[in-house]
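The values are calculated or read from the model by the stated rules, or taken from the named source; none is laboratory data. These numbers come from a predicted model, not from an experiment. Backbone-built Cβ (ideal geometry, glycine too); neighbour counts: all protein chains shown.
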Amino acid sequence: MSKKEQRILPELRAKSHEELVDELLKLRKEQFALRLQKATGQQPKPNQFGKARRNVARVKTVQAERARAAAAKPASVEK
């Protein structure tokens, strides 16, 4: 993972739920645009597909971490 990519995850963790949803939507639109460019014969850089896919995975990872933390929190409070 490059230094730039290492800085992305803490930035994502600092965002609110709504900001993460917006970021995910933006990244999905970017993925669609790349697929559309490829289908129409415009050749985007091949590494852009992987970068977009990994960024989507990062956002989903942060969302899943928060969901697990929220699910675990009430269980520990009940005891």
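When you scan region 54-64, how many residues do you find that are more than 16 Å from residue 19 (Cβ to Cβ) and either surrounded by 15 or more Cβ atoms within 10 Å (Cβ to Cβ) or among the aromatic types (Phe, Trp, Tyr) (or both)?
0
As an exercise: evaluate residue 41 against (1) at negative phi; (2) modelled with pLDDT under 95 and give the number of the one condition it does not meet.
All conditions are met except number (1).
Can you pull out every residue in region 36-48 that is assigned to a helix (DSSP H, G or I) and surrounded by 13 or more Cβ atoms within 10 Å (Cβ to Cβ)?
37, 38, 48 - these are the residues of region 36-48 that are assigned to a helix (DSSP H, G or I) and surrounded by 13 or more Cβ atoms within 10 Å (Cβ to Cβ).
With respect to residue 51, determine if the residue is surrounded by 11 or more Cβ atoms within 10 Å (Cβ to Cβ) and either more than 13 Å from the chain's Cα centre (by Cα) or among the charged types (D, E, K, R) (or both).
yes
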